[in-house]
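Colleague: The following block contains the structure, expressed as structure tokens.
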Amino acid sequence: MYALLGLVFAIMATAKPQPPSSVETRPIQEIYQSALKENWTLRVSWGGDGTFHSIDISFNDAKRGPTSVRASGNQVSNAFQKSFPGIKIDVQCDLSKYLDGRINRIHETSNGTDDGADVAVLQTLHDFPRWKTQNRLLNYKPANWDDIYPEFVDPDGAYAGYFMRTSPFPFLLIEFY
């Protein structure tokens with residue numbers, strides 16, 4: 001999970017019409033060094049349980065076996081900052097149905113100059129195609145892009161499935177601003 005968040009360094013930019021992206025080939029340390037020069041706070045909006053405000057990820061990887069992560073926004077921020085010192089991160093955890101409204105409101109009140117998040121991890125799906133048609137997403141394909149089933153990704157790299165499960169939500173998409 002932290003490697004995925006580390007890859008978002010490459011997408012710390014203002015959204016504008018984007019051509020399709022090629023798969024990232026730079027090593028994580030090169031991306032990290034580039035991000036350090038930007039002196040930017042990485043803003044992450046992460047949808048999850050509204051009472052615990054947590055991130056709960058469980059999956060079974062063929063190479064690594066069962067994996068489970070349960071952490072609050074503070075734990076994620078602390079682990080990220082430990083792995084990537086000097087990069088400021090602000091993780092906002094709330095229900096996806098509230099986060100997408102906040103993202104839209106900030107975009108509207110800033111006249112399109114700020115989307116309120118650099119990365120959005122949401123359980124709701126309807127926003128992603130609309131945000132793409134509004135040219136609000138930055139196309140980016142992390143190094144493991146080709147390992148994701150094609151039916152769970154935008155072909156240009158605007159958004160991708162992060163993990164899938166059958167209950168209570170069919171799948172979750174992560175979006176790159």
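Colleague: State all residues of region 109-126 that are in a loop (DSSP other than H, G, I, E, B) and of a type outside the set (Asp, Glu); if no residue qualifies, say none.
Modeller: If the condition is that a residue be in a loop (DSSP other than H, G, I, E, B) and of a type outside the set (Asp, Glu), then Ser110, Asn111, Gly112, Thr113, Gly116, Ala117, Gln123, Thr124, Leu125, His126 are the ones that fit.
Colleague: Residues of region 119-134 being at pLDDT 85 or above and either crowded, with 18+ Cβ neighbours inside 10 Å or touching a strand residue (DSSP E or B) at 6+ places or on another chain (Cβ under 9 Å) (or both), which ones?
Modeller: Val119, Ala120, Val121, Leu122, Asp127, Phe128, Pro129, Trp131, Lys132
Colleague: Moving on. Can you spot a residue in region 101-108 that is in a loop (DSSP other than H, G, I, E, B) and farther than 28 Å from Val23 by Cα?
Modeller: No, there is no match, as no residue in region 101-108 is in a loop (DSSP other than H, G, I, E, B) and farther than 28 Å from Val23 by Cα.
Colleague: Cβ-Cβ below 6 Å, separation at least six or inter-chain, first residue in region 85-97 and of a type in the set (D, E, K, R), second assigned to a strand (DSSP E or B) and surrounded by 13 or more Cβ atoms within 10 Å (Cβ to Cβ): which pairs?
Modeller: Asp90/Arg43
Colleague: Report, by residue number, each residue of region 75-111 that is at pLDDT below 85 and more than 15 Å from the chain's Cα centre (by Cα).
Modeller: Once the filter is applied, which keeps residues that are at pLDDT below 85 and more than 15 Å from the chain's Cα centre (by Cα), region 75-111 yields Gln75, Asn78, Ala79.
Colleague: Being at pLDDT 70 or above, among the polar types (S, T, N, Q) and loosely packed, with under 14 Cβ neighbours inside 10 Å is the filter here; which residues of region 135-177 pass it?
Modeller: Asn135, Asn144
Colleague: Determine whether region 42-54 contains at least one residue that is part of a loop (DSSP other than H, G, I, E, B), under 17 Å from Gly161 (Cβ atoms), over 16 Å from the mean Cα position of the chain (by Cα) and modelled with pLDDT under 55.
Modeller: no
Colleague: Check region 153-160 and report whether any residue there is more than 16 Å from the chain's Cα centre (by Cα) and not β-branched (Val, Ile, Thr).
Modeller: yes
Colleague: A follow-up question, please. Return the residues of region 97-147 that are aromatic (Phe, Trp, Tyr) and in contact with a helix residue (DSSP H, G or I) (Cβ under 7 Å, 6 or more places away or on another chain); say none if nothing qualifies.
Modeller: Scanning region 97-147 gives a single hit, Tyr140.
Colleague: Of all residues in region 98-116, which are touching a residue at least 60 places away in the same chain (Cβ under 8 Å) and surrounded by 14 or more Cβ atoms within 10 Å (Cβ to Cβ)?
Modeller: Asp115, Gly116 - these are the residues of region 98-116 that are touching a residue at least 60 places away in the same chain (Cβ under 8 Å) and surrounded by 14 or more Cβ atoms within 10 Å (Cβ to Cβ).
Colleague: Could you grab me the full set of residues in region 1-41 that are outside any loop (DSSP other than H, G, I, E, B), in contact with a Lys or Arg (Cβ under 9 Å, 6 or more places away or on another chain), surrounded by 13 or more Cβ atoms within 10 Å (Cβ to Cβ) and modelled with pLDDT of 50 or more?
Modeller: Ser34
The values are calculated or read from the model by the stated rules, or taken from the named source; none is laboratory data. Note that this is a predicted model, so its numbers are computed, not measured. Here the Cβ is made from the backbone with ideal geometry for all residues, glycine too, and neighbour counts use every protein chain on show.
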